[in-house]
Structure formats: C-alpha cells, structure tokens
Amino acid sequence: IKDAETPFERLHLLLFSHAHRDHFEPTMALDLLRSRKDCLLVGNSVTIGELKDAGGTDFPGLEPRTRNLNPDWGMTLAEKPAGIPIKVFPVNHGEPERPYVTLAYLMYLDGFTVLHLGDISAPSNVGYFPKFGLENEDIDIAFVDPFFL
C-alpha cells in the first residue's frame, strides 16, 4: 500500500471509523501519509487526536491532509475529501446508555454507492437510521456486521 503497488495505486482516501486498534493504528496511518503524498485521511476527533499524539513534530506537516469530522447524533455531513463525494454519519458502537461514536460512510465511487457502517450495535442505533435516509441511496455494496443479515 505504501509503495502504491497494484491494486493500491489509485488509493487517495483513508477513511477511519474509530480509534480501536482493529480499525486504526496511528503509526501505520502516519507511515502511509508520509509515503503517499496523494492520500487524505478522514476520522473523528479521537482518531485525529491519536494521530497527532503519535506524529509528534511531524504532525503539523501532515495535518493539512487530515479531515476531522464529528457529525452530531442523527446528522449527516456531506463532504468531498480528495474530490470523492462522501456522506458521514455517527453510529453507536456502545450501549444506548453509554454511547461510543463510530463514523459510518456512504461513498460515491465511479457510479457505485458504497456503505460502510464501521462498528455498531444494532439496538443502539435503531432510532438513528431513519434520519439518514439510506433507503433513498440506491446502495450497491454494503459492509455491515453479520447481525444485520
């Protein structure tokens, strides 16, 4: 990935749902940003904070290629990082009474609409899903946890 070898030569956007180590490792993300000047990284304040802490004095030079997105519960942000249209919305990775924000992404890629829900707990998100209008998105590919099936 760092050397832009096939099939990663067209990688321009790194989307992170949250800062748990099975989804995000700041040192690896920093290495990728350093080697791939064409990549932009998107995450929330926790993810970007860990990136900043791990990056030390290098981070200010990399920070312009990061996007810190923190939509409010039930809200969607439409962005175009690296020229790629996306919608970002928060989902709950925790219990209803102890929420843990995870970012979910809708991506519009070469005529395909791709949904990635990150890590979520279905019962903790039932109230949010109607607000996102996913039924109107004509989703081609969805990455979801098995309990959705």
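Is one or more of the residues making up segment 94-105 polar (S, T, N, Q) and out of contact with any His (no Cβ under 6 Å at 6 or more places or on another chain)?
Keep residues of segment 94-105 that are polar (S, T, N, Q), which gives 102.
Those still in the list that are out of contact with any His (no Cβ under 6 Å at 6 or more places or on another chain) too: none.
No: zero hits.
What do you reckon, is Gly61 surrounded by 14 or more Cβ atoms within 10 Å (Cβ to Cβ) and either on the phi > 0 side of the Ramachandran plot or more than 12 Å from the chain's Cα centre (by Cα) (or both)?
On the way: surrounded by 14 or more Cβ atoms within 10 Å (Cβ to Cβ): no; either on the phi > 0 side of the Ramachandran plot or more than 12 Å from the chain's Cα centre (by Cα) (or both): yes.
No; evaluated as a whole, the condition is false for this residue.
Which condition does Asp119 not pass, out of (1) without any contact (Cβ under 8 Å) to a residue 24 or more places away in the chain; (2) surrounded by 15 or more Cβ atoms within 10 Å (Cβ to Cβ), if it passes all the others?
Condition (1) is where Asp119 drops out.
Hey, can you tell me all the residues within segment 12-46 that are farther than 10 Å from Thr66 by Cα and in a helix (DSSP H, G or I)?
Pro26, Thr27, Met28, Ala29, Leu30, Asp31, Leu32, Arg34, Ser35, Ser45, Val46
Return the pair list, or none, for Cβ contacts closer than 7 Å from residues in segment 96-113 that are under 19 Å from Gly83 (Cα atoms) to residues that are assigned to a strand (DSSP E or B) and among the hydroxyl-bearing types (Ser, Thr, Tyr), at least 6 apart or on different chains.
So the pair list comes out as Leu106/Thr113.
Within segment 84-149, considering only strands (runs of 3 or more DSSP E) that don't extend past its boundaries, which have at least 2 residues that are in contact with a Leu (Cβ under 6 Å, 6 or more places away or on another chain)?
Working: elements: 86-92, 101-109, 112-116, 141-143.
Filter on segment 84-149 gives 86-92, 101-109.
Test Thr27 against the criterion of being surrounded by 14 or more Cβ atoms within 10 Å (Cβ to Cβ), hydroxyl-bearing (Ser, Thr, Tyr) and closer than 21 Å to Asp119 by Cβ, and give yes or no. Before the answer, list the steps.
Values: surrounded by 14 or more Cβ atoms within 10 Å (Cβ to Cβ): no; hydroxyl-bearing (Ser, Thr, Tyr): yes; closer than 21 Å to Asp119 by Cβ: yes.
When the stated conditions are applied, Thr27 does not pass them.
For segment 1-13, which residues satisfy the criterion of being in contact with a Ser or Thr (Cβ under 9 Å, 6 or more places away or on another chain) and open to solvent by less than 70 Å² (accessible area, probe 1.4 Å)? Break it down stepwise before answering.
Step one: filter segment 1-13 for residues in contact with a Ser or Thr (Cβ under 9 Å, 6 or more places away or on another chain), giving 1-4.
Residue satisfying the conditions is Ala4 alone.
Test of understanding: among Ile84, Ile48, which residue is in contact with a His (Cβ under 8 Å, 6 or more places away or on another chain) and either open to solvent by less than 70 Å² (accessible area, probe 1.4 Å) or on the phi > 0 side of the Ramachandran plot (or both)?
Working: Ile48 fails: in contact with a His (Cβ under 8 Å, 6 or more places away or on another chain).
So the residue among Ile84, Ile48 that is in contact with a His (Cβ under 8 Å, 6 or more places away or on another chain) and either open to solvent by less than 70 Å² (accessible area, probe 1.4 Å) or on the phi > 0 side of the Ramachandran plot (or both) is Ile84.
List the pairs whose first member sits in segment 16-32 and is touching a residue at least 40 places away in the same chain (Cβ under 8 Å), whose second member is open to solvent by 10 Å² or more (accessible area, probe 1.4 Å) and assigned to a helix (DSSP H, G or I), and whose Cβ atoms are under 8 Å apart, counting only residues at least 6 apart or on separate chains?
His18/Val46
Kindly indicate whether any position in segment 70-81 is open to solvent by 50 Å² or more (accessible area, probe 1.4 Å), assigned to a helix (DSSP H, G or I) and either at pLDDT 95 or above or basic (Lys, Arg) (or both). Spell out how you get there, then give the answer.
Kept after step one, since they are open to solvent by 50 Å² or more (accessible area, probe 1.4 Å), are these residues of segment 70-81: 70, 72-73, 75-80.
If we keep only those that are assigned to a helix (DSSP H, G or I) as well, we get none.
Checking segment 70-81: not a single residue is open to solvent by 50 Å² or more (accessible area, probe 1.4 Å), assigned to a helix (DSSP H, G or I) and either at pLDDT 95 or above or basic (Lys, Arg) (or both).
Within the group Ser124, Ser35, which residue is over 15 Å from Phe16 (Cβ atoms), open to solvent by less than 30 Å² (accessible area, probe 1.4 Å) and hydroxyl-bearing (Ser, Thr, Tyr)? Working first, answer last.
Numbers: Ser35 fails: open to solvent by less than 30 Å² (accessible area, probe 1.4 Å).
When all the criteria are applied, what remains is Ser124.
Which is under 14 Å from the mean Cα position of the chain (by Cα) and more than 22 Å from Arg65 (Cβ to Cβ), of Leu134, Leu115? Before you say what the answer is, go through the steps one by one.
Details: Leu134 fails: under 14 Å from the mean Cα position of the chain (by Cα).
Testing whether each residue is under 14 Å from the mean Cα position of the chain (by Cα) and more than 22 Å from Arg65 (Cβ to Cβ) leaves just Leu115.
The values are calculated or read from the model by the stated rules, or taken from the named source; none is laboratory data. Treat the numbers as computed from the prediction; the structure is a model and nothing was measured. All Cβ positions, glycine included, derive from the backbone under ideal geometry; neighbour counts span all protein chains shown. Remember, those area values only see protein heavy atoms, side chains included, never the ligands or the DNA or RNA. Shrake-Rupley method; radii C 1.70, N 1.55, O 1.52, S 1.80 Å.
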